[in-house]
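One structure below.
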Amino acid sequence: MVVIEEESGERDITYLKSRVTFRYDYKDQEGDVITNRFRVKTVIGFGPHQRYGVSLNVPVLHRDKPEDSATGLGDVELQAGAVIQSWRKFRYGAALQVTFQTATDDLLGGGSTSLKPAFGFTATPSRRFEFNCAFNYKRSIHTTRGDPVNEFEPDCTANTRILKSTAFAESDSFYEFGPGQWAPTLKLGLSRRFGEGRQWVVSPYFSFPLNEFARQSQYRYNVGLDLGWNFHPVR
């Protein structure tokens, strides 16, 4: 059971083991906008069985638009979370994320400081299957430009072990209360541990929109790679 847990940890709100993840993705967006994004996410787990954790996500972006381009720091995210209850095959927890206005250019950030409380669970009915789900609500608490954020963001992932790897399908969507529309996307990918102590996890993926509003507000397609390193050797 621990194998699939390690390989799907980046998609699990209740997985708070200490690790660092290097993330790169390429987005093709409406209006001939291209975004190359590199992020470093560090999670520090603590307490009994690392049931509590804090994480810091620092993005660096390059964005090209037909009339402009920019490279620099994006909006930094800080999150604190906890596993509320854990059994052998099921656990649930909660988290609170703060997004700060740290972008070095208007093209690279959303223009608002926001809070995002979340509740999620993980079910592992067998050693070869795991289901993760998180329900997030994101709301701007201070806006300097553009429209404030007011969204409900459900995110559910099915993970299954195939040929010593974990294949996953992630439904990532949001409901924007302003226009009253859903923007669903689907991400397909594969995760695999490697290296001495099995401390590294590599996860390539491809994501695409499922309706026109998601295409306009999110992207035409998104391809990326996550490379994670666990602080302690994997069992």
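The values are calculated or read from the model by the stated rules, or taken from the named source; none is laboratory data. Here the structure is a predicted model, which means the values were calculated and not measured. Cβ sites come from the backbone with ideal geometry, for glycine too, and all protein chains shown count toward neighbours.
In region 174-222, of all residues being closer than 17 Å to R11 by Cβ and in contact (Cβ under 8 Å) with a residue 60 or more places away in the chain, the one that is surrounded by the fewest Cβ atoms within 10 Å (Cβ to Cβ) corresponds to R192. Restricted to region 21-83, the set of strands (runs of 3 or more DSSP E) holding at least 3 residues that are crowded, with 17+ Cβ neighbours inside 10 Å and at pLDDT 95 or above comprises 33-46, 52-65. Of all residues in region 199-235, those being of a type outside the set (A, V, I, L, M, F, W, C), outside any loop (DSSP other than H, G, I, E, B) and more than 17 Å from F22 (Cα to Cα) number 7.
Considering (1) in contact (Cβ under 8 Å) with a residue 40 or more places away in the chain; (2) under 19 Å from P209 (Cα atoms); (3) not hydroxyl-bearing (S, T, Y), say which one F152 fails and leave the rest. Of everything listed in (1) in contact (Cβ under 8 Å) with a residue 40 or more places away in the chain; (2) under 19 Å from P209 (Cα atoms); (3) not hydroxyl-bearing (S, T, Y), F152 misses just condition (1). Answer yes or no: is there a residue in region 198-210 that is at pLDDT below 95, of a type in the set (D, E, K, R) and out of contact with any Lys or Arg (no Cβ under 6 Å at 6 or more places or on another chain). There is at least one residue in region 198-210 that is at pLDDT below 95, of a type in the set (D, E, K, R) and out of contact with any Lys or Arg (no Cβ under 6 Å at 6 or more places or on another chain).
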